[in-house]
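This report refers to the structure that appears directly beneath it.
The values are calculated or read from the model by the stated rules, or taken from the named source; none is laboratory data. Because the structure is a prediction, the values reported are computed rather than measured. When we count neighbours, we look across all protein chains shown, and the Cβ atoms used for this are built from the backbone with ideal geometry, even at glycine. These accessible areas exclude ligands, DNA and RNA; they are computed on the full protein's heavy atoms, side chains included. Shrake-Rupley method; radii C 1.70, N 1.55, O 1.52, S 1.80 Å.
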Amino acid sequence: MDISVATYPEIKLLLDGEWIAAGERKSQPVINPSTGEVLAQVPHASASDLDRALAAADRAFASWRATSAYDRRRILGRVADLLRERATEIAPLTVLEQGKPLAEAMADVATAADMFEWFAEEGRRAYGRLIPPREAGRRMLVTLEPVGPVAAFAPWNVPAITMSRKVGASLAAGCPVIYKPSEETPATAMAVARILIEAGVPEGVLQIVLGDPDMISRHLMGSPIIRKVTFTGSTPVGRQLARLSAENLQRLTMELGGHAPVLVFDDVDIETTVRGAVATKFRNTGQICTAPTRFLVQDAIAERFTEAFAEAARNLKVGDGFDPATQMGPCANPRRVEAMERLVADAEARGGRVVTGGKRIGNAGCYFEPTVLADLPDDALAMTTEPFGPMAIVRRFSTLDEAIGVANSLRYGLAGYIHSTSAARIARASEALNVGCIAVNNWQVSAPETPFGGVGDSGYGSEGGLEGLQAYLAIKFIHEGA
Ligand code: NAD
């Protein structure tokens, strides 16, 4: 594939159907994490840009909610088709701005297409119901209505997928959406937005804003026009948005961080488990909220598992996302590299073992070695803080109760993984793990048709599944008859 920096687009805002270049606005650079090179400048939306977006969303709501579910399906179905057709144009943008290997970026676009397709169909199944009335001649109806204009805030790790979850659900439910991608990955969002417009999404129904995240979220959420807020990102920012939502009582979906426990019992095939573990752990350089992170491994196999896991991690080919041999790209930004260094330094200071990795690679770009730590005390930073990077921690356990105790010791509760051939162990562990989604003897905790979300400090609400659509629908009860 022939791709160069020159193909990276000029970044623009999308307000009321119009693409708007930076002009006199403040801006900030987008940086290729593989090379450190500046790709483009991101314009910062001003307060008047945001007011324009709010007014347009308010206007667009009247017509989009009146567009039939059948027509909305047609448009969103076309989005899915176009995403599949244009995957080779979109995926390289993700590689440039985010760093992941091209094959992973292609998989992101494929998942985004599946997600739009799911919501396109599910929008037609937003059924209400009839409740048997108390008196003859009356009717008791429950209808579902779009909740209203949405403000959606997304991070930089899987830009096409996050957009499909939030925009797909909003539009399928009949809600216009003001979407703020991460300023670090704006081109993927712009490319997906262009497809939505081409597929027939009307002016004002999808808008893209970029700039100062704090200023934008305060401004949008300070308006009563916004009725629903969806955020994917860190727990501290989630808390801040939850506070902001109090003023206008906006509904919230919060997909926050995680620190997923993986329970590996001594009855598993080590080789198979390690193969899946390494592929899942280091996908997207570990920058996935559901990434398996705390590997709790039963005593009898702990040493062999740790060695095999470290060996496989060490053999991963780390490099630029456009190199077909690359299995793991750079971290997406310098903050992640610094976080990795902090966690490794703390682990070493507390007597932990760096089984493999632990260091940044080279001087250019945001490269960090696939890292496996072991023998850490339970209060080491790496055991308690979400690494969100290429780091796995192996911790031994002897009994199931001990493993559950460690797994549930954090306030996070997003994904959990169980590997065992014992039905009894699987049943006990899946019941006891305090998380929102569990993969048993596999590594997949989400799909477009399944609800995805966490508990505790990992947030609340679901994206995907029928629950993902319901998050954008308000319930109305109508009682007819004299
Ligand atoms: P961060 O918390 O500063 O930002 C996370 C995302 O939220 C960014 O895209 C940012 O633009 C946005 N954001 C920040 N402040 C905001 C505000 N006031 N209003 C609206 N959006 C705002 O952290 P970061 O350094 O970008 O990412 C690191 C941490 O974020 C990770 O440790 C991880 O916990 C979390 N994260 C989680 C996910 C996820 O999928 N749940 C994805 C990316 C990052």
Item to check | Mean Cβ count within 10 Å, highest first, over the residues of peptides 327-333, 101-107 | outcome: 327-333, 101-107
Next on the checklist: I'd like the orientation of helix 235-248 relative to the chain: the angle between its Cα long axis and the longest Cα principal axis, in ° from 0 to 90, rounded to 10.
Outcome noted: 20
Checklist outcome for this item: So the angle from the long Cα axis of helix 102-122 to the longest Cα principal axis of the chain, reported in degrees to the nearest 10, equals 40
Checklist entry - Taking a Cβ-Cβ separation under 4.7 Å as the criterion for a possible partner, which cysteines of the chain have none? => result Cys175, Cys289, Cys437
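Using heavy-atom solvent-accessible surface (probe 1.4 Å) with all chains present, what is the largest-first order of Arg134, Arg165, Arg342? Don't jump to the answer; show the numbers that get you there.
Values: Arg134 225, Arg165 25, Arg342 140 Å².
Ranked list, largest accessible area first: Arg134, Arg342, Arg165.
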Checklist entry - lysines near Lys12 by alpha-carbon distance under 24 Å, same-chain residues fewer than 8 away left out - which ones? => result Lys26, Lys100, Lys166, Lys180
Checklist entry - Probe 1.4 Å, all protein chains in place: accessible area of Asp71 in Å², nearest 10? => result 50
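Can you tell me how much longer the chain between Asp51 and Val38 gets when fully stretched, taken as 0.36 nm per residue apart minus their C-alpha distance, in nm with one decimal?
Working: separation 13, 0.36 × 13 = 4.68 nm, distance 2.99 nm.
Length gained, Asp51 through Val38: 1.7 nm.
Are there any GluC sites (Glu not before Pro) in the range 1-93 that are in a DSSP loop and have at most 10 other Cβ atoms within 10 Å? List them by number.
Details: sites: Glu10, Glu18, Glu24, Glu37, Glu85, Glu89; in loops: Glu10, Glu24, Glu37.
Sites meeting the loop and neighbour criteria: Glu24.
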Item to check | Considering only the chain, percent of DSSP beta bridges that pair antiparallel, nearest 5 | outcome: 45
Next on the checklist: Using helices alone, I'd like the mean residue ellipticity at 222 nm for the chain: each DSSP H run of four-plus residues gives -39500 (n - 2.57), total over residue count, nearest 500.
Outcome noted: -13000 deg cm²/dmol
Checklist outcome for this item: Counting sequence-distant residues (5 or more places) and residues on other chains, those with an amide H built under 5 Å from that of Ser182 are Ala154
Next on the checklist: Under 5 Å between amide hydrogens, which residues at least 5 positions from Ala392 or on another chain qualify, with H placed 1.01 Å from N in the peptide plane?
Outcome noted: Thr371, Val372, Leu373
Checklist entry - Once you put a point 7 Å from the Cα of Thr88 and another 7 Å from the Cα of Lys476, both along the Cβ direction, what distance in nm separates them? => result 4.8
Next on the checklist: Can you compute the radius of gyration and Dmax for the chain, using only the Cα atoms, both in Å?
Outcome noted: 23.1, 78
Item to check | Zone residues, the range 376-392, relative to Arg353, backbone N less than 14 Å from point 7 Å out along Cα-to-Cβ | outcome: 376-377
Checklist entry - How far is helix 186-199 tilted off the main Cα axis of the chain, in degrees rounded to 10, range 0 to 90? => result 40
Item to check | Percent carbon-and-sulfur accessible area, the chain, ignoring ligands, DNA and RNA, probe 1.4 Å | outcome: 52
Checklist entry - Just for the Cα atoms in the range 1-142, what are the lengths along the principal axes, largest first, rounded to whole Å? => result 73, 39, 21
Checklist entry - Karplus couplings for the range 257-269 from phi (6.51 cos²θ - 1.76 cosθ + 1.60, θ = phi - 60°), rounded to Hz, Gly and Pro as x? => result x, x, 8, 4, x, 10, 8, 10, 8, 6, 9, 8, 7
Item to check | Rh (Kirkwood; distinct C-alpha pairs) - the range 260-447, Å | outcome: 16.4
Checklist outcome for this item: Quick calc: nm separation of the 7 Å Cα→Cβ label points for Glu402 and Asp323 -> 4.1
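Net charge near Gly465: determine it from the other residues with C-beta under 9 Å of the C-beta of Gly465, scoring Lys and Arg +1 and Asp and Glu -1. Working shown, then result.
Working: positive: none; negative: Glu122, Glu449, Glu463, Glu467.
With Lys, Arg at +1 and Asp, Glu at -1, the net is -4.
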Next on the checklist: Just to verify a number: what accessible area does Leu256 come out at with the full protein assembly present, 1.4 Å probe, Å² rounded to tens?
Outcome noted: 10
Next on the checklist: With θ taken as phi - 60° and the coefficients 6.51, -1.76 and 1.60, list the Karplus ³J(HN,Hα) couplings across the range 92-101 in order, rounded to whole Hz; mark glycine and proline as x.
Outcome noted: x, 5, 5, 4, 4, 8, 10, x, 5, x
Item to check | Phi-based couplings in Hz for the range 350-360 (Karplus 6.51, -1.76, 1.60; Gly and Pro marked x) | outcome: 9, x, x, 10, 8, 6, 8, x, x, 10, 6
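Going by average Cβ density within 10 Å per residue, which order do the peptides 376-383, 387-394 take, highest to lowest? Can you show the working numbers first?
Numbers: 376-383: 17.9, 387-394: 26.8.
In decreasing order of mean packing, 376-383, 387-394 become 387-394, 376-383.
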Checklist entry - Once label points are set 7 Å from the Cα along Cα→Cβ at both Glu24 and Asn315, what is their separation, rounded to one decimal in nm? => result 6.1
Checklist entry - Taking 0.36 nm per intervening residue step and subtracting the Cα-Cα distance, what contour gain separates Glu121 from Ser430 on full extension? => result 108.2 nm
Checklist outcome for this item: Long-range amide H partners of Asp16, meaning residues 5 or more apart or on another chain whose placed amide H is closer than 5 Å, are Gly204
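Relative contact order for the chain: what is it in percent, counting Cα pairs under 8 Å that are at least 6 residues apart?
Values: 1121 pairs, mean separation 86.5, N = 482.
Across the chain, relative contact order equals 18 percent.
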Item to check | the range 80-222, accessible area per residue, ligands and nucleic acids excluded (1.4 Å, Å²) | outcome: 31
